Amino acid sequence: MKKISFILLLSMAFHFASAQTNVSKYEHFKLHYEINDKVNEIKSPVYRDDEYALIVGFFDSSEVFILDKDTTINGNVLVLNKGQLIVQKDVNCTINGGIILLNQAEFKVNRAVFTLKGNVMALHNSLFEIDSSEFIVPMDYRYQHSVAGIHNAKVKWTNSTISFGKGLLSGIFLNQSSFILQNNEFLQSVTISMHNQSSLDVKNTSNAWEFLVADSCSINIRNSSDFIFWLYFSDQQTSSITFPQGNYIQKLDFNSSVSGLEDITYSMSIDSTSNIKWGVIQQAGSDLTIKNSLMRTFGMFFDHGKSEKITGLINNQFYEDDTFTYSDRSLRLVNTDILTWNFYAVKQTNLQIEGCLFGEALAFDQGIVSTVASICDGSGGYLGAESGQLNLFATEIEAQLLTSGSSLTILAESEIDYKWLPATFAHSSIALFANTKRNGAIEALDTSFVLEIFIDSFKNQHSNSIVPIHGTINHFNGPFNPSFIRYYRVEAINLASPTIRLLVADSLTNLVADDVLCFWNTNNIPVATYDIVVSVYINNDIDPIEVRKEVNLLAASGIDIIEQTVSLFPNPCDDYLTVRIEDGQSAACSYHLFDLMGKKVNCSIVQKGISEITFNTSKLASGSYFLLLEQQGRSFYQKVLVVHE
């Protein structure tokens with residue numbers, strides 16, 4: 001779920017009111033359009049510029065533009081000055097862009113199929129109405145698109161089937177705007193913030209899901225089901241509350257007239273509604289007591305611009321009588337269960353989460369979330385950032401990872417065990433997976449870039465031998481990011497002499513996924529503890545990105561495969577090298593041929609029973625190489641000389 005500070009929402013509203021697109025600090029309020037000048041099957045004269053494919057109401061403030069046939073608009077749509085854009089009955093209409101409605105403008109869809117691949121922004125007494133229609137907003141990931149109403153705007157969806165593809169729709173309503181849902185079927189859900197005297201009216205609707213309630217707004221729910229309500233408790237509010245329990249609420253009024261809630265500014269009226277879950281967003285300056293309640297989620301929202309540390313909070317925990325005090329708030333839980341803890345950081349706040357089991361953590365607007373020795377189980381949403389930073393150390397992630405805007409994500413010595421949705425990086429996000437295991441895909445969109453460096457743990461590493469270094473070197477690019485790995489280098493640092501780096505392999509360019517990166521020739525290397533350092537050079541950057549793994553180099557323990565049973569001929573060789581095991585091969589064996597810099601130049605896996613293999617060395621440069629044989633944890637290596645006549 002996405003949370004947002006009210007001050008930033010006002011800033012966003014100002015920019016949208018100025019009709020500037022692509023200017024939001026948060027992904028679900030950002031207009032992310034595919035701009036294209038082409039308009040199909042629109043016959044009437046249209047005013048156009050390079051921002052919009054269709055503008056209604058510019059020359060004639062009362063212009064009515066009717067789409068009475070199947071239509072595709074490739075670009076953004078702007079309706080303003082009491083203009084109307086109407087999609088009529090039985091029309092299949094697609095807009096490959098967003099919609100902005102300004103100054104009493106109206107956009108109406110009635111008994112049609114309407115597909116929108118963008119955002120909706122209604123401002124200044126405008127109306128966006130869907131009635132008795134199929135409304136489709138296809139998304140590739142959650143909160144890719146959004147809906148917003150600002151300054152007395154109205155968004156009304158009635159008698160319709162509504163779907164959002166792979167995502168969830170997000171949105172915001174403020175400045176006396178209204179969101180009306182009646183007799184709808186939601187195939188996917190929404191996350192909507194209600195602020196600043198806005199109103200929500202829901203009737204006969206199921207699976208609408210998440211609503212954030214704050215700032216003098218009004219909520220009315222009737223004959224509906226399946227909600228999570230997040231109630232804001234903000235600056236200078238002192239509240240004591242018991243949330244209603246049970247699957248069905250016949251009648252509930254929730255406002256400042258209720259004892260213990262005198263400081264809240266919003267009101268809720270719920271009638272004949274089932275499956276309601278309760279959540280809280282606690283903000284700076286609040287003093288909150290919750291008694292005798294079952295809380296689906298408790299969220300802490302930090303925007304003070306300082307460092308804050310949270311330790312030891314665990315999901316699905318019962319609190320008999322516990323008080324938590326932080327730099328800007330206090331919380332008391334009495335006879336209360338918290339199923340999920342969620343955390344949010346914005347405006348340069350550095351939020352440190354240590355030793356916690358939590359459901360969601362998000363960093364917005366230069367906020368930083370750092371986790372250490374923690375688990376995010378996804379029970380409260382996902383793990384993400386939007387123009388923020390995630391530092392995830394020794395963290396187990398059982399949730400979708402999703403970042404957007406100009407975010408930076410660093411995962412180190414962590415693990416992602418979530419295969420249902422890919423770790424998704426959108427817009428200009430950058431991410432580094434450093435020694436992080438993952439059970440799931442990575443998806444890079446737009447101009448994002450993801451670098452993955454993994455050095456596997458070592459086994460049976462001895463001096464005076466050949467040590468294979470296993471791991472992963474890979475990168476994932478958004479379609480508009482041309483970055484690449486120029487090369488990488490592998491070095492060994494004796495921790496007793498950390499200023500000295502021993503070169504293991506240099507100028508490596510091959511991308512590797514869970515395989516041998518290179519080989520470390522430990523002849524005459526002292527027994528000691530080393531850091532294996534992989535330095536990756538991106539594009540033409542001078543400074544590399546480094547990832548390390550500690551290894552204990554042990555004293556030589558002898559050769560497990562009896563050297564006398566392995567023969568290489570001819571050696572020196574020219575075009576071919578034959579390897580033979582004299583007594584036959586009792587198990588599958590891997591053969592690796594590499595140069596003196598540790599770069600693998602040839603390899604083969606030979607099955608049980610085969611006693612001889614031949615390598616083609618005709619294309620190798622003349623010089624010295626090493627042949628390594630590995631079989632059931634045992635190894636043998638021998639120097640090979642290639643000499644071309």
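The values are calculated or read from the model by the stated rules, or taken from the named source; none is laboratory data. As the structure is a computational prediction, the values presented were derived from the model and not from experiment. Positions of Cβ are generated from backbone atoms using ideal geometry, with glycine treated the same way; all protein chains shown enter the neighbour counts. Surface accessibility is based on the protein's heavy atoms, side chains included, excluding ligands, DNA and RNA. Shrake-Rupley method; radii C 1.70, N 1.55, O 1.52, S 1.80 Å.
What the table below lists for this structure:
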read-out: Identity of the residue in segment 167-185, outside any loop (DSSP other than H, G, I, E, B) and open to solvent by 10 Å² or more (accessible area, probe 1.4 Å), that ends up modelled with the lowest pLDDT; value: 185
read-out: Check on residue 48, open to solvent by 70 Å² or more (accessible area, probe 1.4 Å), farther than 24 Å from residue 177 by Cβ and either among the aliphatic types (A, V, I, L, M) or at pLDDT 95 or above (or both); value: no
read-out: Residues located in segment 145-166, provided they are open to solvent by less than 40 Å² (accessible area, probe 1.4 Å), at pLDDT 95 or above and part of a loop (DSSP other than H, G, I, E, B); value: 153, 160
read-out: Residues located in segment 204-217, provided they are surrounded by fewer than 18 Cβ atoms within 10 Å (Cβ to Cβ) and modelled with pLDDT of 90 or more; value: 204
read-out: Test: residue in segment 401-417 that is open to solvent by less than 50 Å² (accessible area, probe 1.4 Å), touching a strand residue (DSSP E or B) at 6+ places or on another chain (Cβ under 8 Å) and under 30 Å from residue 631 (Cβ atoms); value: no
read-out: Restricting segment 437-468 to residues that are among the β-branched types (Val, Ile, Thr) and in contact with a Gly (Cβ under 8 Å, 6 or more places away or on another chain), the residue that is nearest to residue 537 (Cα to Cα); value: 453
read-out: Leading residue by the ranking (most open to solvent (accessible area, probe 1.4 Å)) among those in segment 84-102 that are touching a residue at least 24 places away in the same chain (Cβ under 8 Å) and of a type outside the set (A, V, I, L, M, F, W, C); value: 88
read-out: Hits in segment 511-555 (condition: over 20 Å from residue 598 (Cα atoms) and open to solvent by less than 20 Å² (accessible area, probe 1.4 Å)); value: 538
read-out: Per-region count, segment 211-270, residues among the hydroxyl-bearing types (Ser, Thr, Tyr) and assigned to a loop (DSSP other than H, G, I, E, B); value: 9
read-out: Selection count where residues are touching a residue at least 60 places away in the same chain (Cβ under 8 Å) and either closer than 18 Å to residue 182 by Cβ or of a type in the set (S, T, N, Q) (or both), scope segment 105-144; value: 2
read-out: Positions within segment 264-315 being among the aliphatic types (A, V, I, L, M) and farther than 17 Å from residue 379 by Cα, in sequence order; value: 264, 268, 270, 284, 288, 290, 310
read-out: Residue in segment 343-357 that is polar (S, T, N, Q) and within 15 Å of residue 295 (Cα to Cα) present; value: no
read-out: Scope segment 352-373; condition surrounded by fewer than 24 Cβ atoms within 10 Å (Cβ to Cβ) and either under 18 Å from residue 312 (Cα atoms) or of a type in the set (D, E, K, R) (or both); matching residues; value: 352, 354, 355, 356, 357, 365, 370, 372, 373
read-out: Flag if residue 21 is at pLDDT 85 or above, of a type in the set (Ser, Thr, Tyr) and within 34 Å of the chain's Cα centre (by Cα); value: no
read-out: Boolean, residue 225 is touching a strand residue (DSSP E or B) at 6+ places or on another chain (Cβ under 7 Å), of a type in the set (S, T, N, Q) and within 28 Å of residue 331 (Cβ to Cβ); value: no
read-out: Residue that is nearest to the chain's Cα centre (by Cα) [pool: residues in segment 357-387 that are closer than 14 Å to residue 401 by Cα and assigned to a loop (DSSP other than H, G, I, E, B)]; value: 382
read-out: Residues located in segment 625-639, provided they are out of contact with any strand residue (DSSP E or B) (no Cβ under 9 Å at 6 or more places or on another chain) and surrounded by 12 or more Cβ atoms within 10 Å (Cβ to Cβ); value: 634
read-out: Residue ID - surrounded by the most Cβ atoms within 10 Å (Cβ to Cβ), chosen from residues in segment 556-594 that are modelled with pLDDT of 85 or more and outside any strand (DSSP E or B); value: 571
read-out: Filter result for the condition that a residue is polar (S, T, N, Q), loosely packed, with under 13 Cβ neighbours inside 10 Å and in contact with a strand residue (DSSP E or B) (Cβ under 6 Å, 6 or more places away or on another chain), over 611, 622; value: 622
